[in-house]
Each structure stands twice: as C-alpha cells, then as structure tokens.
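The values are calculated or read from the model by the stated rules, or taken from the named source; none is laboratory data. In this text the structure is predicted, and so the values were computed from the model without any measurement. Cβ sites come from the backbone with ideal geometry, for glycine too, and all protein chains shown count toward neighbours. With ligands, DNA and RNA removed, areas are computed over all heavy atoms of the protein, side chains included. Shrake-Rupley method; radii C 1.70, N 1.55, O 1.52, S 1.80 Å.
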Amino acid sequence: MGVLRSDLDVDKLLGMLNEALNQEWLTYYQSWIGAILMEGPMWAEIKPELFIHSNQEFSHASLIKTRMLELGATLNLHPSGSMKNPYCKVPDNPYITVILHQNLMGELSAIERYNEIADFTDGKDETTHQIVSYILNEELTHERNIENWLDAIALIKSQFSKTHTLHAFIL
C-alpha cells in the first residue's frame with residue numbers, strides 16, 4: 001500500500017482519484033475516436049500519435065484503478081457525473097484542429113487535476129504521489145505534442161495562404 005501519513009484524508013484522495021479515473025476513460029475514448037474521425041492537414045502523421053496517446057490514457061486509468069484498490073476503494077462502475085466533463089467529449093467536427101483543440105483542453109484539465117493530487121499527496125502518500133507524477137509527465141508531453149501539431153498546421157495554412165495569394169496576384 002505504501003507509506004501513508006495519518007493526516008492523509010484517504011476518502012478525499014479516493015474521490016480525487018475516482019474523478020481522475022473517470023476522466024482518463026473519457027480522454028482515452030476522445031483520443032481514440034478523434035484519431036479515427038479526423039481529417040485535414042497532417043492527419044496521416046498525427047493519427048498514429050493519437051492512438052499512442054489513447055493507449056497511454058488507458059494505461060493511466062489502469063494505474064489509477066490499481067492504486068484505488070490498494071487504498072481500499074470500491075470502484076464506481078457508473079461514472080455518470082464525470083460524463084458531463086466539458087473538456088472530454090466526442091468530437092462533433094472531424095476537422096483536425098477542432099479535434100486537437102478538444103484534446104488539448106482535456107490534457108490541460110488532466111494536468112490541473114494531477115497537479116492537485118500531487119500537491120495533496122506530497123509527503124503524505126509517496127506511492128500515489130509517484131504514480132500521479134509519472135502520469136503528469138505524460139500528460140505534459142501530450143500537451144506539448146498537441147501544441148506542436150497545432151503550430152505546424154497553422155504554419156502550413158499560412159504558407160499555403162501566402163502561396164495562393166501570390167499566384168492569384170501573378171495571374
């Protein structure tokens with residue numbers, strides 16, 4: 001179970017972890033379905049990376065679930081409250097930048113959540129702290145990846161626009 005300090009509110013921690021677990025499931029699905037549906041510039045390069053992200057989100061959910069069970073939790077098998085998370089939703093537009101922006105919002109929400117859990121467990125529950133720190137690092141990598149893809153797509157659009165304007169001027 002790891003070392004737990006007596007001043008750790010385990011019930012509060014389990015609530016935080018349950019929300020993180022539910023968000024990971026939603027983010028897993030969001031990344032997976034986004035990779036399947038997306039279209040637009042760079043989709044062929046980004047699609048396999050989003051599948052990697054979705055697999056990592058699944059792994060995060062497994063880590064959180066395992067830790068919750070170690071702490072004595074009974075898992076909530078009907079996470080209906082978290083299904084309303086505004087940052088994790090099924091894409092309603094298949095255009096790549098729409099999907100990437102939605103995924104970015106989910107990652108930023110997860111980063112905030114894991115920072116809170118890391119702060120809450122720091123010095124009180126080293127095992128959970130290490131797990132969420134590991135997950136947080138992967139979420140930060142996801143954020144950087146998505147921001148880099150959005151920047152690359154914006155550059156492509158900008159270059160296309162300049163070239164298109166130049167050709168129209170010459171003609």
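Taking Rh as the Kirkwood radius computed over C-alpha pairs, what is the Stokes-Einstein D of the chain at 25 °C in a medium of viscosity 0.890 mPa s, expressed in µm² per second?
141 µm²/s
For GLU49 and LYS157 in one chain, what is 0.36 nm times their gap in residues minus the Cα-Cα distance, to one decimal in nm?
Full extension of this stretch gives 36.8 nm more.
Counting pairs of alpha carbon atoms under 8 Å apart in space and at least six apart in sequence, what relative contact order in percent does the chain give? Please report the intermediate quantities before stating the final value.
Numbers: 176 pairs, mean separation 51.3, N = 171.
Relative contact order for the chain comes out at 30 percent.
Once the piece of chain linking LEU69 and LEU108 is laid out straight, how much longer is it, given 0.36 nm per residue of separation minus the C-alpha distance between them?
Once the chain is fully extended between LEU69 and LEU108, it gains 11.4 nm.
Hey, if you put +1 on the Cβ of every Lys and Arg and -1 on every Asp and Glu Cβ in the chain, which of GLY40, LEU155, LEU63 ends up farthest toward the positive end of that dipole?
GLY40
Please calculate the 1.4 Å probe accessible area of PHE160, with all protein chains present, and give it to the nearest 10 Å².
Here the residue's solvent-accessible area equals roughly 140 Å².
Sort HIS142, HIS129, HIS101 by accessible area with a 1.4 Å probe, largest first. Write down the numbers at each step before the final one.
Numbers: HIS142 0, HIS129 35, HIS101 95 Å².
These residues rank, largest area first, as HIS101, HIS129, HIS142.
Per-residue accessible area for VAL90 at 1.4 Å probe radius, Å² rounded to 10?
Result for VAL90: roughly 80 Å² accessible.
Roughly what would the spin-label model give for TYR134 and SER62, points 7 Å off Cα along C-beta, in nm?
Going by the 7 Å Cα→Cβ label model, 1.1 nm.
List every residue whose amide H lies under 5 Å from the amide H of LEU4, counting only residues 5 or more places away in sequence or on a different chain, with H placed 1.01 Å from N in the peptide plane.
none
What distance in nm separates the two pseudo spin-label positions at ILE33 and ASP7, each 7 Å out from Cα along the beta-carbon direction?
Inter-label distance under the simple model: 4.4 nm.
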